[in-house]
Amino acid sequence: MSEINAKEILKNKFWIVESEGDRVATITYSEDNRYMVSDKTGTHFFENEKKLKKNFGDNFKWTALSIAKEYLKEVHGFPTSTQPFNPIYDVQRKLPLFTKSKKSKSLYCAGYYIIHFDKGWVKSFCPKLITVERYESKGPFTTELEMRTELSKANAK
């Protein structure tokens, strides 16, 4: 039987569950103190960690976020695609911004967004600031699940 590993992405909030190197689910710890598991069969809720572990079986392991080994990939609480440089928070636009290198002049928005192009709403992770300025957008969202929920609402309209 293969080992199932939950790798922490956002401290005490979000994990990616892998089995033999393949992503099989995500776990989100919500404000109502429940664990939400999203996998190919749907979304499931668990009242506590014990019930969550029982769902995955005996080979389930947690991997804690190791900041010492891995750079923190977030800006003001929002995840980023790379190690952020020059993190700032644009108070007027309410956007967490960063550059991808020390000398870069291109600003990126930390977090998940949905952006309305001519063909409809699309999801985006850490888009360029100029894209968010040019097109109608919603975000930032801290998790992919929040973004997907908002995308569903936008596409339903």
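The values are calculated or read from the model by the stated rules, or taken from the named source; none is laboratory data. These numbers were taken from a predicted model, which means no experiment stands behind them. With ideal geometry, Cβ positions are generated from the backbone for all residues, glycine too; neighbour counts draw on all protein chains shown.
Out of the strands (runs of 3 or more DSSP E) lying entirely within the range 85-130, which hold 1 or more residues that are farther than 26 Å from A154 by Cα?
85-90, 95-99
Taking the range 8-53 as the search range and keeping residues that are within 30 Å of V75 (Cβ to Cβ), of a type in the set (K, R) and assigned to a loop (DSSP other than H, G, I, E, B), which one is modelled with the lowest pLDDT?
K11
What do you reckon, is I115 assigned by TED's automatic domain parsing to the domain that holds L129, surrounded by 14 or more Cβ atoms within 10 Å (Cβ to Cβ) and β-branched (V, I, T)?
yes
Which of the residues belonging to the range 117-127 are out of contact with any Leu (no Cβ under 7 Å at 6 or more places or on another chain) and either in contact (Cβ under 8 Å) with a residue 12 or more places away in the chain or among the β-branched types (V, I, T) (or both)?
F117, G120, V122, S124, F125, C126, P127
Hey, any hits in the range 25-38 for a residue that's more than 24 Å from G111 (Cα to Cα), surrounded by fewer than 16 Cβ atoms within 10 Å (Cβ to Cβ), out of contact with any helix residue (DSSP H, G or I) (no Cβ under 9 Å at 6 or more places or on another chain) and free of Cβ contacts under 8 Å to residues at least 40 places away in the same chain?
no
Looking only at residues that are modelled with pLDDT under 70 and touching a strand residue (DSSP E or B) at 6+ places or on another chain (Cβ under 9 Å) in the range 65-78, which one is surrounded by the most Cβ atoms within 10 Å (Cβ to Cβ)?
Per the criteria, the residue is L65.
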